[in-house]
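Shown next, in structure tokens, is the structure this report addresses.
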Amino acid sequence: MAQTMQFDLVSPERALASLQAIAVQIPGADGDLTAMPDHAPTITTLRPGLLTVESNEGTQSYAVTGGFADINAEGTSVLAEKAIPASEMTADDMDALIAVAKDAVSTASEDNVDVAAKNLADIEALRTALNI
């Protein structure tokens, strides 16, 4: 049996996961990272993407749109702006996320248009990763 750590995923709507994980693949704002037991303490912001949790019971994936991850030797906690199990994500959900992101690009100030465009690109990449 592989070494495990506590993993918790919550969003404003609900708690999505609380389990013993072997590894958690996180879409960090500065790049993807994998949290494992005894990981060095790290706090990172999330970008829209696919968060994947590997446990002794199997692998679970969640679509996240942003938030924070707190990683330490004992476990990983993810506070997501929005998180949906990948198996529950629909084309309508993706259309709504893309519409909001496109609106943010069109209304962004000159200083923030690049950030909004990057967010839109990440959400479109999430749609591709989910094959929706």
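Annotations
- Here Val10 meets each of (1) over 19 Å from Lys82 (Cα atoms); (2) of a type in the set (Val, Ile, Thr); (3) touching a residue at least 60 places away in the same chain (Cβ under 8 Å) with one exception, condition (1).
Here is a yes/no grid of residues against (1) among the aliphatic types (A, V, I, L, M); (2) touching a residue at least 12 places away in the same chain (Cβ under 8 Å):
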{"site": "Pro37", "(1), (2)": "no, yes"}
{"site": "Leu51", "(1), (2)": "yes, yes"}
{"site": "Phe68", "(1), (2)": "no, yes"}
{"site": "Ala73", "(1), (2)": "yes, yes"}
{"site": "Asp92", "(1), (2)": "no, no"}
{"site": "Asp111", "(1), (2)": "no, no"}
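- From the list Leu33, Leu97, Leu50, the one residue that fits, being in a strand (DSSP E or B), touching a helix residue (DSSP H, G or I) at 6+ places or on another chain (Cβ under 6 Å) and not charged (D, E, K, R), is Leu50.
For every residue, the table says whether it meets (1) on the phi > 0 side of the Ramachandran plot; (2) open to solvent by 50 Å² or more (accessible area, probe 1.4 Å); (3) among the hydrophobic types (A, V, I, L, M, F, W, C).
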{"site": "Gln20", "(1), (2), (3)": "no, yes, no"}
{"site": "Gly28", "(1), (2), (3)": "no, no, no"}
{"site": "Ala35", "(1), (2), (3)": "no, no, yes"}
{"site": "Asp38", "(1), (2), (3)": "yes, yes, no"}
{"site": "Leu51", "(1), (2), (3)": "no, no, yes"}
{"site": "Ala86", "(1), (2), (3)": "no, no, yes"}
{"site": "Ala91", "(1), (2), (3)": "no, no, yes"}
{"site": "Val100", "(1), (2), (3)": "no, yes, yes"}
{"site": "Ser109", "(1), (2), (3)": "no, yes, no"}
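The values are calculated or read from the model by the stated rules, or taken from the named source; none is laboratory data. Predicted, not measured: the structure shown is a model, and the values here were computed from it. Every residue, glycine among them, receives a Cβ derived from its backbone with ideal geometry; neighbour counts consider all protein chains shown. These accessible areas exclude ligands, DNA and RNA; they are computed on the full protein's heavy atoms, side chains included. Shrake-Rupley method; radii C 1.70, N 1.55, O 1.52, S 1.80 Å.
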